[in-house]
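Worksheet: one structure, shown below.
The values are calculated or read from the model by the stated rules, or taken from the named source; none is laboratory data. On a predicted model such as this, the values are computed, not experimentally measured, just so you know. Here Cβ is always computed from backbone atoms with ideal geometry, including for glycine, and neighbour counts include all displayed protein chains. All accessible areas refer to the heavy atoms of the entire protein, side chains included, with ligands and DNA or RNA removed. Shrake-Rupley method; radii C 1.70, N 1.55, O 1.52, S 1.80 Å.
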Amino acid sequence: MADQLKSLPRTARQLYDFCSKKIPDALSQQELIDGIGSSISVSNLSSALNLLLGRRLLEALQQGNTLVYRAVPLEEAKTVSTMEGDEQIVYDFIKNAGNEGIWTKTLTLRTNLHVHVVNRCLKSLESKNLVKPIKSVKNPTRKIYMLYDLVPSSELTGGPWFTDQELDVEFIENLKKVVYRFIHSKSFPPKKNATGPDMIWSPEYNGYPTALQIHTWLRNTNITEVDLSLGNVISLVDVLIYDGKVEKRSDGVSYRSVRPSPDTTNAFTEVPCGACPVADICAVGSRVSPVTCEYLDKWLN
């Protein structure tokens, strides 16, 4: 492929060299003129662009209302140049889908090729290790393709919460416990530092953890080998909030654990008398009497 560059006209070589240094950025026509010298005429630039596009050394993209150009690495250009026309079309659509991949049904509709032609091209590209099929946790029955060297997005894999397309409940529960213990340890003082009978920090205390601090703590302690993002940590804390174990403070940034409510059940509250609204006028010989109380009879039985 390097020999092919040598055979290019001088302007085309300059254009490709300049664009290749900007990979993966795409450049507008004005940026190309500014980059290789304003002395080049528009006609010479157009000829060079068409030549490079024809040899698959450049690709044209649309950014808003502007047409931009991006260099194709030499190895990729060499590979694509050996493909048949239909294969190139299918490959380009898969490439443009990025790490989100593209569903085979969508691929068929967009390429306007017959489904048998698309399947044949996919089989050929897959055999050359140029594309690969992947599974989506949201749509497990769909066959999705992306370029072979790309890592699927978290939208497809489910992120750190999924293992082999299955929700890893045990991992999530263990991580929730760890995060809750960390937040709880920052939410209430040890006995020696307690203020009042409820053991709470004074109003001046500012040690309640934020999501960023929780994220940093998880990374520094190496509790898990899974690379969690800040968004993952926020989602985890949100689950703890929904579970009623954690609450977000009034500053809107930090969190504290919710102290478990004491068990108010005792021997007296289990008896109907403990919750009876007329217990204060209940007496033997009265209209309201334990002797004639049907609720007490049911409880005793």
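The residues on offer are THR224, THR216, and the sole one that is without any contact (Cβ under 8 Å) to a residue 12 or more places away in the chain and of a type in the set (Val, Ile, Thr) is THR216.
Quick grid of which residues meet (1) at pLDDT below 80; (2) not hydrophobic (A, V, I, L, M, F, W, C):
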| position | (1), (2) |
| --- | --- |
| TYR16 | no, yes |
| LYS21 | no, yes |
| ALA26 | no, no |
| SER39 | yes, yes |
| SER47 | no, yes |
| THR66 | no, yes |
| PRO73 | no, yes |
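Here LEU167 passes the criteria (1) at pLDDT below 85; (2) within 21 Å of the chain's Cα centre (by Cα); (3) open to solvent by less than 80 Å² (accessible area, probe 1.4 Å) except the one numbered (3). Restricting attention to segment 120-162, the residues that are over 27 Å from GLU84 (Cα atoms), part of a helix (DSSP H, G or I), open to solvent by less than 30 Å² (accessible area, probe 1.4 Å) and out of contact with any Lys or Arg (no Cβ under 8 Å at 6 or more places or on another chain) add up to 2. Taking every residue in segment 18-33 that is in contact (Cβ under 8 Å) with a residue 40 or more places away in the chain and pairing it with any residue that is basic (Lys, Arg) and part of a strand (DSSP E or B), at least 6 positions away or on another chain, the pairs with Cβ-Cβ distances below 9 Å are CYS19/ARG70; LYS22/ARG70; ILE23/ARG70; PRO24/ARG70; ASP25/ARG70; ALA26/ARG70; LEU27/ARG70. Evaluate the following for ALA77: is it touching a Lys or Arg at 6+ places or on another chain (Cβ under 7 Å) and more than 27 Å from LEU109 (Cβ to Cβ)? Yes. For the condition farther than 15 Å from VAL258 by Cβ, more than 20 Å from the chain's Cα centre (by Cα), modelled with pLDDT of 80 or more and open to solvent by 40 Å² or more (accessible area, probe 1.4 Å), GLU204 qualifies. Just one of the numbered conditions (1) hydrophobic (A, V, I, L, M, F, W, C); (2) at pLDDT below 80; (3) assigned by the TED database to the domain that holds LYS132 is not true of TRP103: (2). Say whether the condition of being among the small types (Gly, Ala, Ser), farther than 30 Å from VAL131 by Cβ, crowded, with 18+ Cβ neighbours inside 10 Å and not assigned by the TED database to the domain that holds GLU126 is met by at least one residue in segment 219-236. No, segment 219-236 contains no residue that is among the small types (Gly, Ala, Ser), farther than 30 Å from VAL131 by Cβ, crowded, with 18+ Cβ neighbours inside 10 Å and not assigned by the TED database to the domain that holds GLU126. Taken over segment 23-67, residues that are surrounded by 15 or more Cβ atoms within 10 Å (Cβ to Cβ) and more than 25 Å from GLY85 (Cα to Cα) amount to 10. Could you please find all residues in segment 197-229 being farther than 23 Å from GLU170 by Cβ and of a type in the set (Ser, Thr, Tyr)? Those that are farther than 23 Å from GLU170 by Cβ and of a type in the set (Ser, Thr, Tyr): SER202, TYR205, TYR208, THR210, THR216.
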